[in-house]
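Here is the structure we will look at, set down as structure tokens.
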Amino acid sequence: MMSILEKMNQLKGIMRKGLRKSFNRLGLALSLLVSMVWCTPAHAISIKEEKELSQEFMRYVHRYYDLVEDPLINAYVNDVGQKILAKIPTQPFDYRFFVIKENVYNAFAIPAGYIFINSGMLLAMEHEDELAGILAHEISHVVCRHISQRIERSKKLDLATMAGVVAGVFLGVAGGSAEAAQALTLGSMAAGQTLALAYSREDESQADQFGLAYLEEAGYSAEGLLIILKKIRSRQWFGTSQIPTYMMTHPAVEDRIAHIDAWLSTRQTADPQHHLTAGPSKQLQRVQYRLRALYAEPNGAAQFFEAILKKTPSDADAAHAYGLLLARMGKRQEAFDYLQTALAVNPLDPTLLSDLGKVHFSDGNTKEALKILQGAASLPGRNSEGLFYLGRTYMELGDFNNAVDIFENLLEANSGYTAAYLALGQTYGKLARIPEAHYFLGIYHYELGDDRTAQYHLSRAQQGLNDPKKIEKTRRLLEAIGKLPAEQTQ
């Protein structure tokens, strides 16, 4: 009988040569066991360094790119990611998922479990399995610590500067503005490190092989990954300026498609039910509606929703999204009409109530906004944006103590909701609690990468804070700013 070590060595040989039928015979459980062994590199930056680099990387994202802040969209992507994470070995950090407002097809992972997907790629998907396939692949890069290994091998720069180099590799190529791309490379010295950080064909093969195992264990079809890779490939027209960012950072797409196709043929022969479900899920469709309504070009999005509602007037999700789009276009009365139509179908939907309250707030009707937003906050499934606008409504009504409570509860549940730091700092200012006002304003500007303004507020906060936790965080942030390259603090 073959020993575990022999099986591991056999599977390792298979993975080096490409996906074969024997991968299926060795079994999913064994592949997961091997991933725990082989994806623990001997030479990589430490877990602590990974976390520091990822936090600095986020400041580049905030500085040069727009993140999709919508709680429903982010919750959906996170939920799919968590289904996959539930099937992988225990990780030394918490994974976080982000959507970047960019039409180009791209998805990538950085150390410490920060995973990004562009809105354009999310809109191109027809099945949840496509999203799961991309996320499983990127999760596998993190599990195997591919970028962390490459950073260690080429670590001639400090981590703060290296974060900019990583941002230049994944954000600054064929998708952002030329100005952002140039700034992200941080000069010729840093730019010289970018080639050493690129994924190899072996990295891609390994990430696909473990990703396929994770997908199957989580109940998704690998056919989704195959479909989205073919869509990415279809965007590669003549001329390098037309190559999707994904293909610049993830090499060997053609080889990957061939390997996954071969793997699928063996799996579908063994299990005829191992296919995609028909059509997009209700959740994916709702997420895509919101992406169009909140972030797409308004006139094109309006034509899209008008066509849907002409064909299916009873589509409450389309009416909801169209209402958001109309509010974004300044047509608030029409927006109210469509949101009320959706509300008649889903009267206890906290997201819909939060959106309706937000529109009332934007229209200056704070009393009506307060009533609706309080109702949304009392329901299960309340979202961060609803709480944020509830806090802003209290501010507008002069109830600053309640506003502070709302913003602090929001940040306790979602520390990444950056706008709440600004609102909380402003509210403390209204209450004449100046050290706390400077503290939260300092965090806000630090998160946005505005180090000069952050340093000013944090230094002022340091002079008057009494809370030991706030004092310690202020010290750490000021120390981090002091370690940044000079051009970032000027």
Number of positions in the range 361-387 that are surrounded by fewer than 24 Cβ atoms within 10 Å (Cβ to Cβ) and without any contact (Cβ under 8 Å) to a residue 60 or more places away in the chain: 18
I'd like the full set of residues that are buried (at least 18 other Cβ atoms within 10 Å of the Cβ) and modelled with pLDDT of 90 or more, limited to the range 223-252. GLU223, GLY224, LEU225, LEU226, ILE227, ILE228, LEU229
Here are GLY429, GLY416, GLY398: which of them is in contact with a strand residue (DSSP E or B) (Cβ under 9 Å, 6 or more places away or on another chain) and not hydrophobic (A, V, I, L, M, F, W, C)? GLY416
Select from the range 365-403 the residues that are closer than 20 Å to ASN74 by Cα, not charged (D, E, K, R) and not in a helix (DSSP H, G or I) and list them in ascending order. LEU379, PRO380, GLY381, ASN383
Single unsatisfied condition, GLY279 versus (1) under 20 Å from MET121 (Cα atoms); (2) part of a helix (DSSP H, G or I); (3) modelled with pLDDT under 95: (2)
Checked ILE115, ILE134 against criteria (touching a residue at least 24 places away in the same chain (Cβ under 8 Å) and either closer than 16 Å to THR90 by Cα or in a helix (DSSP H, G or I) (or both)); the one match is ILE134
Of the numbered conditions (1) of a type in the set (A, V, I, L, M); (2) surrounded by 23 or more Cβ atoms within 10 Å (Cβ to Cβ); (3) closer than 21 Å to ILE372 by Cα, LEU424 fails exactly one; give the number of that condition. (3)
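The values are calculated or read from the model by the stated rules, or taken from the named source; none is laboratory data. In this text, all values refer to a predicted model and were calculated from it rather than measured experimentally. Positions of Cβ are generated from backbone atoms using ideal geometry, with glycine treated the same way; all protein chains shown enter the neighbour counts.
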